[in-house]
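*Asks:* The structure follows.
The values are calculated or read from the model by the stated rules, or taken from the named source; none is laboratory data. What you are looking at is a predicted structure, and each value in this text was computed from that prediction instead of being measured. Because the Cβ atoms are built from the backbone with ideal geometry, glycine has one as well, and the counts that use them run over all protein chains shown. The area values use the complete protein model at the heavy-atom level, side chains included, leaving out ligands, DNA and RNA. Shrake-Rupley method; radii C 1.70, N 1.55, O 1.52, S 1.80 Å.
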Amino acid sequence: MIILGIDPAIRTTGYGIIKADPEAGSGMEIVDCGVIRNKPSMLHTECLRRLAGGIDELIKLYTPDCAVLEEPFVGRNAKTAIILGMARGGILAALAAKNIPAYAYAPTVAKRAVTGSGGAEKGRIAFLLAAEFGISVANIPLDSTDALALAMCHLQRLRMPELKGIGKIL
């Protein structure tokens with residue numbers, strides 16, 4: 001199974017792709033991780049076009065079985081929440097166009113699945129992933145750490161039937 005984790009943002013959307021057998025008790029591989037970047041000077045419509053196009057390219061390259069996004073949060077700044085909602089909408093539209101089922105988890109749940117702490121910093125997540133998978137921490141962009149954590153969290157939920165109700169299908 002190939003799982004695409006996505007940490008949505010209008011300017012820096014992190015992604016992480018893992019491959020694993022959900023029936024096996026352990027074992028997984030980080031296939032790729034990175035960031036879809038948009039310049040601050042770009043219009044939101046251009047950012048959304050590039051986000052959808054980037055997700056479409058990842059789908060073509062890796063043919064994921066499902067995708068996992070960070071569950072939206074409600075902050076104090078309504079404008080930021082609206083912009084994040086636009087980014088999520090562009091990403092979800094790209095996934096839906098390819099019939100890729102999408103799930104959502106709270107960031108704290110995903111971080112806890114990887115580090116044991118729901119408040120873990122991106123650098124700590126990158127360090128733990130690098131150690132676990134024998135890769136250089138320099139090969140894990142900080143903006144992709146939450147996306148990898150989301151993908152790994154979903155795999156854990158698939159492997160543990162008692163946890164299946166925790167995530168939300170979108």
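*Asks:* Tell me the trypsin sites (Lys or Arg not before Pro) within segment 57-160 that lie in a loop according to DSSP and have at most 15 other beta-carbon atoms within 10 Å.
*Replies:* Qualifying residues, ordered by number: 76, 98.
*Asks:* Pop out the ³J(HN,Hα) list for segment 17-23 in order, Karplus 6.51 cos²θ - 1.76 cosθ + 1.60 with θ = phi - 60°, rounded to Hz; leave Gly and Pro as x.
*Replies:* Result, ordered by residue: 10, 10, 10, 6, 9, x, 7 Hz.
*Asks:* Additional query: Note down the magnitude of the dipole of the chain about its Cα centre, charges +1 on Lys and Arg C-beta and -1 on Asp and Glu C-beta and zero elsewhere, to the nearest 20 debye.
*Replies:* The calculated dipole for the chain is roughly 560 debye.
*Asks:* Of the heavy-atom accessible surface of segment 1-55 (probe 1.4 angstrom), what whole percent is carbon and sulfur?
*Replies:* On segment 1-55, the fraction of accessible area on carbon and sulfur atoms equals 53 percent.
*Asks:* Go ahead and run the numbers for FRET between residue 42 and residue 139, Cβ-Cβ distance against an R0 of 25 Å, rounding to 0.05.
*Replies:* E between residue 42 and residue 139, to the nearest 0.05, is 0.40.
*Asks:* Using a Förster radius of 35 Å, what is the FRET efficiency between residue 76 and residue 24 based on their Cβ-Cβ separation? Nearest 0.05, please.
*Replies:* Once the sixth-power term is evaluated, E becomes 0.25.
*Asks:* Okay, moving on. Check residue 71: other-chain or 5+ apart residues with amide H under 5 Å from its amide H, H built from backbone geometry?
*Replies:* Sorted by chain and number, the residues that satisfy this are 105, 106.
*Asks:* Let me ask you something else. Going by amide H atoms built from the backbone, whose H comes under 5 Å of the H on residue 32, apart from near neighbours?
*Replies:* Sorted by chain and number, the residues that satisfy this are 17.
*Asks:* Which of the GluC sites (Glu not before Pro) found in segment 23-125 are in a DSSP loop and have at most 12 neighbouring Cβ atoms, other than their own, within 10 Å?
*Replies:* Of the GluC sites (Glu not before Pro), the ones in loops of segment 23-125 whose Cβ has at most 12 other Cβ atoms within 10 Å are 23.
*Asks:* Accessible area per residue, 1.4 Å probe, Å², for segment 14-170: what's the number?
*Replies:* 53
*Asks:* A further question on this structure: If one takes the longest principal axis of the Cα atoms in the chain, at what angle in degrees, from 0 to 90 and to the nearest 10, does the Cα axis of helix 142-159 lie?
*Replies:* Approximately 50 degrees, to the nearest ten.
*Asks:* Turning to a different aspect of this structure: Please compute the length gained on full extension between residue 32 and residue 1, using 0.36 nm multiplied by the number of residues separating them and subtracting their Cα-Cα distance.
*Replies:* Gain on extension, residue 32 to residue 1, equals 9.7 nm.
*Asks:* With θ taken as phi - 60° and the coefficients 6.51, -1.76 and 1.60, list the Karplus ³J(HN,Hα) couplings across segment 48-57 in order, rounded to whole Hz; mark glycine and proline as x.
*Replies:* Each residue of segment 48-57 in turn: 5, 4, 5, 5, 4, x, x, 5, 4, 5 Hz.
*Asks:* What ³J(HN,Hα) values, in whole Hz, does the Karplus curve 6.51 cos²θ - 1.76 cosθ + 1.60 give for segment 25-37 when θ = phi - 60°, with x put for Gly and Pro?
*Replies:* Listing the rounded values in order: x, 7, x, 7, 9, 7, 8, 6, 7, x, 9, 8, 9 Hz.
*Asks:* Tell me which of 26, 44, 160 sits at the most positive position along the dipole axis of segment 1-160, charges placed on C-beta atoms (Lys, Arg +1; Asp, Glu -1).
*Replies:* The residue sitting farthest along the positive end of the dipole is 44.
*Asks:* For segment 1-126, rounded, prolate or oblate, judged on the Cα gyration tensor with a ≥ b ≥ c (square roots of eigenvalues), a/c < 1.5 rounded, else prolate if a/b > b/c?
*Replies:* Taking the square roots of the gyration eigenvalues as a ≥ b ≥ c, segment 1-126 is oblate.
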